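Please read the structure below before turning to the comments.
The values are calculated or read from the model by the stated rules, or taken from the named source; none is laboratory data. What you see is a predicted model, and the numbers here were worked out from it, not measured in a lab. Cβ sites come from the backbone with ideal geometry, for glycine too, and all protein chains shown count toward neighbours. Just so you know, the surface numbers come from the protein's heavy atoms only, side chains and all, with ligands and any DNA or RNA stripped out. Shrake-Rupley method; radii C 1.70, N 1.55, O 1.52, S 1.80 Å.
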Amino acid sequence: MKTPKTGSLKARRLAGDAATYVFLTVLSVIWLLPFFWLVMQSFRDGKGQFISTFLPTTYTLDNYTKLFTDRSIMNFPKMFKNTLVIAIFSCAISTFFVLSVSYCTSRVKWKMRKPYMNMAMVINLFPGFMSMVAIYFLLKAMGLTEGNRIPIALVICFSAGAGTGFTVMKGYMDTIPKALDEAAMIDGCTRWQIFTKITLPLCKPMIVYQVITSFMGPWMDFVFAKVIAGAKSQYWTVSLGLFNMLEKEYV
């Protein structure tokens, strides 16, 4: 039989849960509202920069048609293709590097393990663009800043140092019981088999997170793309194209 104290405790718990969900819902609406507004504005009719209503009064697909067909402003399909290719390759390489380094630091004991983790933590305290000049001259010395090798240079920039960003993935792998590895080794599994058939399947949520972050970095980057691609518009990414479009608009 429920006592009055138990009933009041349950009521307070339900009230707390309801307040939490209401608060999170309000935050979600506030967070999504700017994105909703941007999507709606892309369908508005008219050429003016300024608008007088929150949402468009008329909707059209002319903006998207002009974006993908009109070459007088910028070659958006080419830039989109460049960005997509660079982001996909960078994402695949970066994810593999992060998973490999995370596994080695979490499940394998080796001599320089702790010094490496300390060094990687210190390096991650500094933003990547601080090494921009040095990276550019290294790529230039290897002949990767000219012609069709520019996308390769960008992939190297975005993925070569990804192994130092292992902290979050390592923390997740540390939660996986090492008894699973020991049992697999007793059954005759190699380190590679343990990594691919036991550890990775258990890390699916973190792999999704890593794939998203590894893809979004190259997709949104402007600094390295600007330095390496420069004035070679056929190798521009979307961020460079949009910036160049704004420059023309305000000249």
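Remark on the range 112-153: Rg and Dmax equal 14.3, 41 Å (Cα only). Using θ = phi - 60° in the Karplus curve 6.51 cos²θ - 1.76 cosθ + 1.60, the 3J(HN,Hα) couplings for the range 22-30 round to 5, 4, 5, 5, 4, 4, 5, 5, 4 Hz; x is entered for Gly and Pro.
Two numbers describe the Cα atoms of the range 87-171: Rg and Dmax, which are 14.5, 44 Å. Counting Lys and Arg as +1 and Asp and Glu as -1 over every other residue whose Cβ lies under 14 Å from the Cβ of Thr175, the net charge comes to +2. Where a ≥ b ≥ c are the square roots of the eigenvalues of the C-alpha gyration tensor, would you call the range 152-233 rounded, which needs a/c under 1.5, or, failing that, prolate if a/b is larger than b/c, or oblate? Cα axes put the range 152-233 in the prolate bin.
Taking the Cα centre of the chain as origin and assigning +1 to Lys and Arg Cβ atoms and -1 to Asp and Glu Cβ atoms, the resulting dipole is close to 740 debye.
Largest first, the residues Met245, Met185 sort by 1.4 Å accessible area into Met185, Met245. Using a probe of 1.4 Å on the protein chains alone, the accessible area found for Asp187 is around 130 Å². Counting 0.36 nm for each residue step from Ala231 to Val168 and taking away their Cα separation leaves a gain of 19.0 nm. Counting lysine pairs in the range 70-207 whose alpha carbons fall under 27 angstrom apart, excluding pairs fewer than 8 residues apart on the same chain, gives 18. The distance between label points at Thr20 and Ser42 comes to 3.5 nm (points 7 Å beyond Cα on the Cα→Cβ vector). Here the extension length gained between Thr53 and Glu182 equals 40.0 nm, from 0.36 nm per residue of separation less the Cα-Cα distance. Seen from Met121, the other residues with C-beta closer than 12 Å to its C-beta sum to a net charge of +2, counting Lys and Arg as +1 and Asp and Glu as -1.
Stretching Asn148 away from Val208 to a fully extended chain increases their span by 18.5 nm, per 0.36 nm per residue minus the current alpha-carbon distance.
The alpha carbons of the chain occupy a box of 68, 66, 32 Å along the principal axes, longest dimension given first. Out of every Cα-Cα pair that the range 20-118 contains, those further apart than 15 angstrom amount to 78 percent. Taking only protein heavy atoms and a 1.4 Å probe, the accessible area of the chain is 72% carbon and sulfur.
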